[in-house]
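To start, the structure under review is shown below, and the notes come after it.
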Amino acid sequence: MILVNSNEGKREGADSYEEMLKHAEVQQYKMPYVVDVNSTLANIFGAKTTPHVFLLNTEMELVYMGSIDNIWDKERKADIPYLKTAMTELASNKKIKTSTTSPKG
């Protein structure tokens, strides 16, 4: 897993590389955090918002893309951890039931 900041418009203050590194350390993230300087990677994947998640399998095939979860939806009846579910299904060699959701930041 890798965290990529492709948002050229928000690289100051709380979204600066230095602050995001601090946040990653406080949250005890085990994955690297990098900056996509010219948004090249984001453009290749077609990222629409921050965050916009792209989950690849071991063959580097895209198996899930969209939101981390649905906590942005004020009308939700229950929390749905889209990414966690997709990762669990992928790790269990199961078909990913929900492979696409709307990216919301």
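Table for the structure above
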quantity	calculated
With Cα atoms, 0 to 90° folded angle of helix 82-91 axis to the chain main axis	70 degrees
Packing-based order for 91-98, 53-60, using average beta carbon neighbours within 10 Å, highest first	53-60, 91-98
Unit charges on C-beta of K, R, D, E only; dipole of the chain, Debye	440 debye
Using θ = phi - 60° and Karplus 6.51 cos²θ - 1.76 cosθ + 1.60, couplings along the stretch 74-80 (whole Hz; Gly, Pro as x)	5, 9, 5, 8, 8, 6, 10
Apportionment of accessible area to carbon and sulfur, the chain, percent (1.4 Å)	54 percent
Option label - Rg/Rh (Cα atoms, Kirkwood Rh) computed here, alternatives (i) 0.97; (ii) 0.91; (iii) 1.15	(i)
Amide H contacts of Leu56 (H built 1.01 Å from N, under 5 Å, at least 5 apart or other chain)	Val63
Per residue value of the accessible surface for the stretch 60-105 (all protein chains in place, 1.4 Å probe), Å²	76 Å²
Furthest towards positive pole of dipole, Ala78, Pro103, Val34, structure part the stretch 30-105, Cβ charges	Ala78
Counting DSSP beta bridges with both ends in the chain, the antiparallel % (nearest 5)	50 percent
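The values are calculated or read from the model by the stated rules, or taken from the named source; none is laboratory data. Everything quoted here is computed from the prediction, not taken from an experiment. Every residue, glycine as well, gets a Cβ built from its backbone with ideal geometry; the counts of neighbours run over all protein chains shown. Surface accessibility is based on the protein's heavy atoms, side chains included, excluding ligands, DNA and RNA. Shrake-Rupley method; radii C 1.70, N 1.55, O 1.52, S 1.80 Å.
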